[in-house]
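Here's the structure, in structure tokens; my notes come after.
The values are calculated or read from the model by the stated rules, or taken from the named source; none is laboratory data. Because the structure is a prediction, the values reported are computed rather than measured. Cβ coordinates were reconstructed from backbone atoms using ideal geometry, including for glycine residues, and neighbour counts include every protein chain displayed.
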Amino acid sequence: MTISEQRAERRQDYDGASAFPEAEQHILVGPAQAGLTAAIVVLPFIGLGIAIFLAWGQGVTLTDLLLAAILYVVTGLGVTVGFHRLLTHASFTARPWLRVALAVAGSMGFQGNVIDWVAVHRRHHAFTDRPGDPHSPYRYGTGLRGQLRGLAHAHLGWLFTDDQTPVERYAPDLLADPAMRRVARAFPALCALSLALPFLAGWAITGTLYGGLTAFLWAGLIRVALLQHVTWSVNSLCHVIGSRPFKTRRHDRSTNLWPLALLSFGESWHNGHHSEPSCARHGLDRGQIDPSAAVIGLFERFGWASDVRWPDQARLERRRAGPRQQARAPARD
């Protein structure tokens, strides 16, 4: 059990507004890991600058945009459908080959190996917005300064803290799965493949190294950065701003944030997800676009997915928050 989890169990009297007991402890990861994480965060922005310079006066090619869109969809759905809804919450059962394919696609999103990702996210649900949550924006309290610090921590800062999540406790099922262990060990190679594919495709399509370079920038580095920041925004923004139509556990301030729905493949219906974590659909109300749920529906139709946990309307109505609860400020929830 981590130090923060031990403190969480000792602090059952958390009032929902104060800073977490471990808030001011900033034990950073080692220099090597910090440097690698910083490189993953910063290099795409350097790539963006280079891409803009190269595109100045002539624009971005259709080839680069199409490759970026295809890889964004493949790796993004690998994270949302594979890492999240399938492997973390068991929202459906997938054929073994599909389970591995989704884990591979998610690994190419540069968000950590599949076992660590699942463990961290399960821990987030176990301690949502209270001591023990690895990336809550309420870590430093609910005042304005605390909220700004908390948003930075939830979005990016938590990646640089040495707050290990024990996979033996939170993801024993994946540790016992030889296929998932192999995918986890292959994470560095899959990241390299995620960048090599657009370069090789761009080179093959255009017949020039320049075409490979621009594809590498737009469909490689920039695509990775966009997916990462959309995912991190669900950790940060989707606990601070947005609507809260459904009841969640005490102190859980997860929100629905519609502007991110399409880019996040439905993950930004975060309040709906936290209200019904094992549900395959996060957009629980009419008109809430949820591409990940649509993909799971296709898998089910093709016979590749079974035991899909679709919304139970009667249960949803019981969990719907009243007008006063929806209007209540998150900081005082």
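Looking at Ala152, Ala201, can you tell me which residue is in contact with a Pro (Cβ under 9 Å, 6 or more places away or on another chain) and within 29 Å of Leu260 (Cβ to Cβ)?
Working: Ala201 fails: in contact with a Pro (Cβ under 9 Å, 6 or more places away or on another chain).
The conditions single out Ala152.
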- Query: Could you say whether any residue in region 103-119 is at pLDDT 95 or above, of a type in the set (D, E, K, R) and crowded, with 19+ Cβ neighbours inside 10 Å?
  - Reply: no
- Scan (1) assigned to a helix (DSSP H, G or I); (2) buried (at least 20 other Cβ atoms within 10 Å of the Cβ) for the single condition His229 breaks and write down its number. (2)
- Give region 190-215 a look and list any residue that's under 15 Å from Phe110 (Cα atoms), in contact with a helix residue (DSSP H, G or I) (Cβ under 9 Å, 6 or more places away or on another chain) and without any contact (Cβ under 8 Å) to a residue 40 or more places away in the chain, or say none. Leu195, Ala196
- Filtering region 161-182 for residues that are surrounded by fewer than 17 Cβ atoms within 10 Å (Cβ to Cβ), in contact (Cβ under 8 Å) with a residue 24 or more places away in the chain and over 13 Å from Ala103 (Cβ atoms) leaves a count of 5
- Task: Check region 2-22 and report whether any residue there is closer than 30 Å to Gly211 by Cβ, part of a helix (DSSP H, G or I) and either modelled with pLDDT of 85 or more or over 18 Å from the mean Cα position of the chain (by Cα) (or both).
- Result: no
- Query: Of all the residues that make up region 247-293, how many are over 14 Å from the mean Cα position of the chain (by Cα), outside any loop (DSSP other than H, G, I, E, B) and without any contact (Cβ under 8 Å) to a residue 24 or more places away in the chain?
  - Reply: 1
- Are any residues in region 164-180 farther than 23 Å from Gln33 by Cβ, assigned to a helix (DSSP H, G or I) and not charged (D, E, K, R), and if so, which ones? Pro172, Pro178, Ala179
- Sole exception among (1) farther than 21 Å from His273 by Cβ; (2) of a type outside the set (A, V, I, L, M); (3) buried (at least 19 other Cβ atoms within 10 Å of the Cβ) for Arg130, by number: (1)
- Is there a residue being buried (at least 23 other Cβ atoms within 10 Å of the Cβ) and touching a residue at least 60 places away in the same chain (Cβ under 8 Å) anywhere in region 305-322? yes
